[in-house]
Amino acid sequence: MAITNLPKNPEIHRIPQPKFIDAIRWLSSPSPFQKSFITSLYDSDYHTPSLEIHSLDPSKTLTTALFSWTPPSRISSLKSTPSLFAASTFLGSLHIFKTPEEMSVLGNDMSDLGSKTSDMEPVVSVVGREFHVGSVGGVDLMEGGSECVTVGEDGRVNLVVERGDFRRVFDENGLVSYSAVKWASPAEFVTGGCGFGLQWWDLRQSSAAVAQFKGNWDHGTTSGIIHSIDINPSRKHTCLAGGSSGTVFAWDLRRPQEPIILSSIGSSDTMTHPLSESEVWEVQYDCYTNSLNSNISSSRILPAMICSEDGILAVIGQGEEPTELLAEPCAINSFDIDNQNPSDVICSLEWESIVILSRP
Amino acid sequence: MYIGLVWLVVRFRNWHLDGYISDEIFSLIKVKSNQADSSASASGGALSQEFCFEWDHVMEYSKDIKELLGNPKSNYDPLIEDPKEVLNKGEEPTSLKAAWELMEMFYADKLCQSWFPERLVDWLADYDCLLSGDQPTVHSKLVDFQGTLVTLQVIEDDPKYWEVISSALAIGWLEIVVKLLRLHGSYQLDQLGHRETENGLVETVAVLISMMPRMRLELKNGKLGECFEAKPDFMKAWEKWREQITKLDSSAFWVPCHHRQTREGLKNLIQIMLGNTKILCTATDHWIELYISHFLFIRPFTVGFEGMYNLAQKCIQMKPMSSPHKLLRLIIGIIGENTEVVLAECSRGFGPWMVAHAIELLTARSDLADILLHKEHDDIGGISMEELHRLVYAQVLTSHFLTWQIAPVYLTSCMKQGMSLLEFLLYRQPAQHNQLLLKNLEICRLYDLDHVSSNIMKIAGVYHWKHGRKGLGVFWLQQARDEFLLNKIARQLFDSVGKSISSESFKQWEGLIELLGSESKPAGSLEFLHKYRDFKKSLQQACDRKTLDAAQHAADSLMSLMKNPSTPQRFWLPLLYDSLTLLSWPARPLLNVSQTNLLLNKLQELSMASVRPGFVASDLPAEALNSVRLALATNLGRAILEEQ
């Protein structure tokens, strides 16, 4: 592994948890010393899901949850913005919450908190068979905006506005299932699903997807599912996607049939072996590594961080050797890069623990 | 033998005392399989070499496990030592670790054989606190005494003081003895003057104790005694030390010592050091304590395991117990050299984890145990004891959501029944959620269970199909390459296609058709959908552009559809009816004679099929068949003319 970008190894803190962690996200906080994050948990003994906000002091010890809420079923997807966070469930409901900062609780008076857990309530809840039937595959909140897009296994694409109303953008009637979604601009978003398929939607144009990408570049006989999509606001025409068989690629809307493959089993790329051979659960552009090599030309794909079923957390760049940050004996199911301080990464492990990395 | 050993280490947080799986399983599996294999074949040869190699690896394995079972007692080392604190308050050790160390000591660690009794002394020093149940132990007596220490005015008057000192000496806790002796009142400055002789005797005994020769490699920091590696040196030193004690015993200084308790207490200590059986017996509580005192003071030259079992029996007779502690039962099994008893005690006292992991240790030294544990027994389904215990432990793991993913590691090391159990286990996992499903498929991939993964995918495909998620259903069936099922669901799919496909609703189908993708992917008769969509597109273009090229292209794709055996019969007429404009293209005939004949034949076939039962009539107007026939006939005529 090339460790050119990271002269020192990152600081790693492991925090064991009593429950299974489905997803984890940083929440923005007013003070860099008092970070907080949200986790969706699942207690497999009692089959009870929960959503909890924890705060983290500089010594990286975890206090009792600041806030908690019991969702109607397990959380399938979790996204956060500075003001809101949204959680979708296996039963097809969506719940949007204000962040503690927005509720002006954090930062003002922390002394009452930390000793006991308060309840929180969603500001918006959308439930019912009209909305989604079956698991919601992905949810994304617009940065700074109020619209939230959800996609489901039932093939529905819904747009939820803050008041709690939703608008059906499209209904595939189950002919296609979606598993990931990401806003590209206030009017555009990208969805992903089976067969490494990606769809580009433009709310200003027709109701159906305006561009389709079919993932049969490898000409192999197996295919996979897209698990995660990321789009950098500065390059909104390019979307980054990760999915089965260690596949990570970028799809440039300007060259829709030529994906740029960053990692894949079948690729005949310069890489001798793929970074991972199993599911890539999450991908995110890594603005931290990006800021370290400022000379990345605009035509190159920005460095991306991935986590995988075989326990790898790594940063990969186009045509570069990947940098492995963690190699765990169990799966890394989700991670999040702190927006305010991109050197900090939080991730959740299959065997009930949270790992916090602080890169030097 | 020890080749291809899979090293399995699972660490649990809050390991419950009963040794069963804690709900809060923590982390870490180490699989070091085949590592042994490859290096063994590389060394290729000398038996002794292989033997050493084997032994080293067992020790390494054992070390890994010990590390995971918990760190050694934290050596609590305060800057200012409390003179009244006799016992270090470390973390409470677990009996699981105690049992593991015991097994390691007897079965795996060949280095400790020459100083075995001392190893046992160390073991008891670490774990004596675990043995106190209904019966007191030296440790519990020391703890009790420490509690009263602060309140005692004249310590040497208390019979308890002398009692705990002699107990601690009997089991070799020399540093505690010396520390307690130096709490003796005669050391106090105001008393030193008139108790000079008494103090001299106490100090002499303390010094003699701290000089006790011990046959061992080294002593941990803070422990007392003088180490000897070679037996002759040790014997010489021992004789000399004994001489000094005897000399002190018959010294004239005892007479001017007026403090009765001190005199008797010290004499008692001297008797212990001289190996007085009766006094050793009163000084100790458990038989294992007595047993160890025998090694220390009566049979100091014991090497290896000679006569250990007889001695143990003797000690048990002298210190009978109503309900022996599980660790003590395990010790009896081990020194009785009875592998079955050891296994039974492991399983009874420490649970399936212990049994599954201890087998590696049990077979390390003894060929007999190796045969016993690796022999296949017919009465347990033709598997060996080793496999049986691994299976049992794997089943415990599978019973919980969080631990079941670890079970395959054990199951795959079971040659006979492991794989079939693993398959069964994988089939039993729910298929509803793709994420969980993918995790199961990953396990299949890791263990080369391709047939299982394709079955799981089929199950998932059918599940999603039945729940209305047609796309996911098709995807999983495609992944499983199940053409049979794909063909089956194709028929259902065509029903809805036949009704709903129009240029508008094609948008909905677009996604599914994209999924069906290129021809390299198996799609069964669903492949038709893909071609149908292409045909519809080119037909649309032909009608819009009205160019000959576009029309010819559309006609070609019509032909390829009609020729293709996977095109369902019920689509023949609608296809031809849609293409009426192509059949009567004004510029020139688009189909040649043979092509038109083929289409006419198809039409004939269709009208014959329509009288058979099970024919699905299309919902086209009644004159559709006639108009197609007419158009084909016209085209045939034009084509014949053209070709002439």
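The values are calculated or read from the model by the stated rules, or taken from the named source; none is laboratory data. Worth saying up front: this structure is predicted, and the values here are computed from it rather than measured. We place every Cβ from the backbone using ideal geometry, glycine too, and count neighbours over all the protein chains shown. We work out accessible area using only protein heavy atoms, side chains counted, and drop any ligands, DNA or RNA first. Shrake-Rupley method; radii C 1.70, N 1.55, O 1.52, S 1.80 Å.
If you take the beta carbon distance between A:His13 and B:Glu306 as r and set R0 to 51 Å, what does 1/(1 + (r/R0)^6) give as a FRET efficiency, to the nearest 0.05? According to the calculation, E is roughly 0.45. Counting only protein heavy atoms and a 1.4 Å probe, the protein assembly as shown has 43 square angstrom of accessible area per residue. In the stretch B:439-453, the residues whose accessible area drops by at least 20 square angstrom when the other protein chains are added to the isolated chain are B:Lys439, B:Glu442, B:Arg445; the probe is 1.4 Å and only protein heavy atoms count. Counting only aspartates and glutamates at least 8 places from B:Lys231 when in the same chain, those with an alpha carbon closer than 19 Å to its own are B:Glu118, B:Glu218, B:Glu239, B:Glu243, B:Glu306. Starting from the stretch B:317-395, pick out the GluC sites (Glu not before Pro) whose DSSP state is loop and whose Cβ has at most 16 other Cβ atoms within 10 Å. For GluC sites (Glu not before Pro) across the stretch B:317-395 that sit outside H, G, I, E and B with at most 16 neighbouring Cβ atoms in 10 Å, the list reads B:Glu337. Using 0.36 nm per residue and subtracting the Cα-Cα separation, the extra length available between B:Ser251 and B:Thr581 on full extension is 105.7 nm. Where only DSSP H runs of four or more residues are counted, the protein assembly as shown gives -12500 deg cm²/dmol as its mean residue ellipticity at 222 nm, each run worth -39500 (n - 2.57). Accessible-area rank, largest first, for A:Ile260, A:Ile301: A:Ile260, A:Ile301, with all protein chains present and a 1.4 angstrom probe.
Applying both filters, DSSP loop and at most 11 other Cβ atoms within 10 Å, to the trypsin sites (Lys or Arg not before Pro) of the stretch A:160-201 gives A:Arg163.
Computing FRET efficiency as 1/(1 + (r/R0)^6) for B:Asp64 and B:Glu483, where r is the C-beta to C-beta distance and R0 is 51 Å, gives about 0.60. Amide H to amide H distances under 5 Å link A:Thr48 with A:Asp43, where only residues 5 or more positions off or on other chains count and H is placed in the peptide plane.
List the residues of the stretch B:172-197 whose backbone N lies under 15 Å from a point placed 7 Å from the Cα of B:Gln153 along the Cα-to-Cβ direction. Inside the label zone: B:185. The contact between chain B and chain A removes approximately 4000 Å² from the accessible area (both sides summed; 1.4 Å probe; ligands, DNA and RNA excluded).
The figure for B:Leu539 is an accessible area of roughly 20 square angstrom, using a 1.4 Å probe on the protein chains alone. For the stretch B:149-249, the list of GluC sites (Glu not before Pro) that fall in a loop by DSSP and count at most 13 other C-beta atoms within 10 angstrom reads B:Glu218, B:Glu229. For B:Lys546, the aspartates and glutamates whose Cα falls under 19 Å of its own Cα, not counting residues fewer than eight places away in the same chain, are B:Asp534, B:Asp556, B:Asp578. I'd like the distance between the alpha-carbon centres of the stretch B:280-350 and the stretch A:311-348, rounded to an integer number of Å. Value for the Cα centre distance between the two parts: 53 Å. Derived scalar couplings between HN and Hα for the stretch B:218-228 equal 7, 10, 5, 3, x, 8, 10, x, 10, 8, 9 Hz in order, rounded to whole Hz, by the Karplus curve 6.51 cos²θ - 1.76 cosθ + 1.60 (θ = phi - 60°), x for Gly and Pro. The stretch B:369-405 and the stretch B:154-229 have their alpha-carbon centroids 51 Å apart. Database remark: amide H of A:His227 closer than 5 angstrom to the amide H of A:Gly242, A:Gly243, A:Ser244 (H placed geometrically; neighbours at sequence offset of 5 or more, or on other chains; Pro and chain starts carry no H). When GluC sites (Glu not before Pro) are flagged only if DSSP places them in a loop and at most 16 other Cβ atoms lie within 10 Å, the longest unflagged stretch of chain A comes out as A:163-360. Pairs from the list B:Lys488/B:Lys537; A:Lys35/A:Lys98; B:Lys160/B:Lys267 with a Cα-Cα gap above 18 Å: B:Lys488/B:Lys537.
Nonpolar atom fraction for chain A, defined as the carbon and sulfur part of the 1.4 Å probe accessible area, stands at 49 percent. Of the listed residues A:Asp338, B:Asp378, the order by accessible area with a 1.4 Å probe, largest first, is B:Asp378, A:Asp338. Phi angles across the stretch B:537-551 convert, under the Karplus curve 6.51 cos²θ - 1.76 cosθ + 1.60 with θ = phi - 60°, into 3J(HN,Hα) values of 4, 5, 5, 4, 4, 4, 5, 6, 7, 6, 9, 5, 4, 4, 5 Hz, Gly and Pro given as x.
Each label point was placed 7 Å from the Cα along the Cα-to-Cβ direction; for B:Ala624 and A:Asp57 their separation is 7.7 nm.
Taking Cα centre as origin and charging only the Cβ of basic (Lys, Arg, +1) and acidic (Asp, Glu, -1) residues, the dipole magnitude of the protein assembly as shown rounds to 2040 debye. Value of Rg to Rh for the protein assembly as shown, rounded to two decimals, is 1.13; Kirkwood radius and Rg both from alpha-carbon coordinates.
Listed by chain and number, the lysines whose C-alpha is less than 26 Å from the C-alpha of B:Lys439, apart from same-chain residues fewer than 8 away, are A:Lys19, A:Lys79, A:Lys182, A:Lys214, B:Lys30, B:Lys32, B:Lys416, B:Lys458, B:Lys466, B:Lys470, B:Lys521. Each of the chymotrypsin sites (Phe, Trp or Tyr not before Pro) that DSSP puts in a loop and that has at most 10 other Cβ atoms within 10 Å breaks chain A; the longest unbroken stretch is A:47-360. Sequence-ordered 3J(HN,Hα) estimates for the stretch B:354-361 from the Karplus curve with 6.51, -1.76 and 1.60 and θ = phi - 60° stand at 4, 4, 4, 8, 6, 4, 4, 6 Hz, glycine and proline given as x. Placing +1 on the Cβ of every Lys and Arg and -1 on the Cβ of every Asp and Glu, with no other charges, gives chain A a dipole of roughly 660 debye about its Cα centre.
Amide H contacts of A:Gly311: A:Ile332, each under 5 Å away and 5 or more positions distant or on a separate chain (H built 1.01 Å from N in the peptide plane; Pro and chain starts excluded). Note on exposure: B:His377, B:His258, A:His237 ranked by accessible area (1.4 Å probe, complete protein assembly) read B:His258, A:His237, B:His377, with the most exposed listed first.
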